[in-house]
């Protein structure tokens, strides 16, 4: 079945929400060690996406309307892409390596709409996946934000090939809960088929929020 050849595994990695006690700070726009420009620097479309991991993403197509055909320049470079059917709008983005460290020293600057968060990631033991020759490493951060979306948590699930021959990729799930508004989430998932992804220097990801999802969507019945 074609779906078995797709690295879009949202049902696998986006089901765990673990909240870890860390404070949130608001810091400036620039992340740089002075040795090289930040990845995607100069791409003005980075400011248009719903979630920007500053210094690590390069926008290919901002706010893509999924009811329209995928632009030719995207399919020519990345092959056929698979976006969840209930997603109405998403951002198509490449990412640089986050350099995730298991010693809890990784910090990422994440912008969600107009709010910036310093994400201090805590590593948890990997989940072995022998049937896919991957390990899945989990990293967590708790967000305390009473002014915007409410308190929440960030999960990064990083799949690492155990053989060195398979794909390594990640998925990100950000969830907020507040007594003043409905829950709000950000989701980042890979969208290429395995065959084309194996040939890509960088994988293509979709970024979308819970506001970008058609919550009334129903899967078509067989034969429709």
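The values are calculated or read from the model by the stated rules, or taken from the named source; none is laboratory data. Since the model is a prediction, treat every value here as computed from it, not as a measurement. With ideal geometry, Cβ positions are generated from the backbone for all residues, glycine too; neighbour counts draw on all protein chains shown.
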- line: When residue 111 is run through (1) touching a strand residue (DSSP E or B) at 6+ places or on another chain (Cβ under 9 Å); (2) closer than 22 Å to residue 213 by Cβ; (3) assigned to a loop (DSSP other than H, G, I, E, B), the failure sits at (3)
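Okay, residues lined up against (1) buried (at least 19 other Cβ atoms within 10 Å of the Cβ); (2) in contact with a helix residue (DSSP H, G or I) (Cβ under 6 Å, 6 or more places away or on another chain); (3) farther than 25 Å from residue 194 by Cβ:
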{"site": "53", "(1), (2), (3)": "yes, no, no"}
{"site": "65", "(1), (2), (3)": "no, no, yes"}
{"site": "75", "(1), (2), (3)": "no, no, no"}
{"site": "82", "(1), (2), (3)": "no, no, no"}
{"site": "85", "(1), (2), (3)": "no, no, no"}
{"site": "105", "(1), (2), (3)": "no, no, yes"}
{"site": "113", "(1), (2), (3)": "no, no, yes"}
{"site": "117", "(1), (2), (3)": "yes, no, yes"}
- request: Can you tell me which residue among 70, 59, 89 is in contact with a helix residue (DSSP H, G or I) (Cβ under 6 Å, 6 or more places away or on another chain) and either surrounded by fewer than 16 Cβ atoms within 10 Å (Cβ to Cβ) or without any contact (Cβ under 8 Å) to a residue 60 or more places away in the chain (or both)?
  value: 59
task: Take residue 153 and decide whether it is closer than 15 Å to residue 109 by Cα and touching a strand residue (DSSP E or B) at 6+ places or on another chain (Cβ under 6 Å).
output: yes
- prompt: Mind checking whether some residue in the range 115-127 is outside any strand (DSSP E or B) and at pLDDT below 95?
  reply: no
task: Taking the residues in the range 160-183 that are modelled with pLDDT under 90 and not in a loop (DSSP other than H, G, I, E, B) as candidates, determine which candidate is farthest from residue 57 (Cα to Cα).
output: 177
Residue list for the range 170-181, restricted to those being surrounded by fewer than 22 Cβ atoms within 10 Å (Cβ to Cβ) and touching a helix residue (DSSP H, G or I) at 6+ places or on another chain (Cβ under 8 Å): 173
query: Going by the structure shown, is residue 147 under 25 Å from residue 88 (Cα atoms) and at pLDDT below 75?
result: no
- prompt: Does residue 46 fit the bill of being at pLDDT below 95, assigned to a strand (DSSP E or B), under 19 Å from the mean Cα position of the chain (by Cα) and within 23 Å of residue 107 (Cβ to Cβ)?
  reply: no
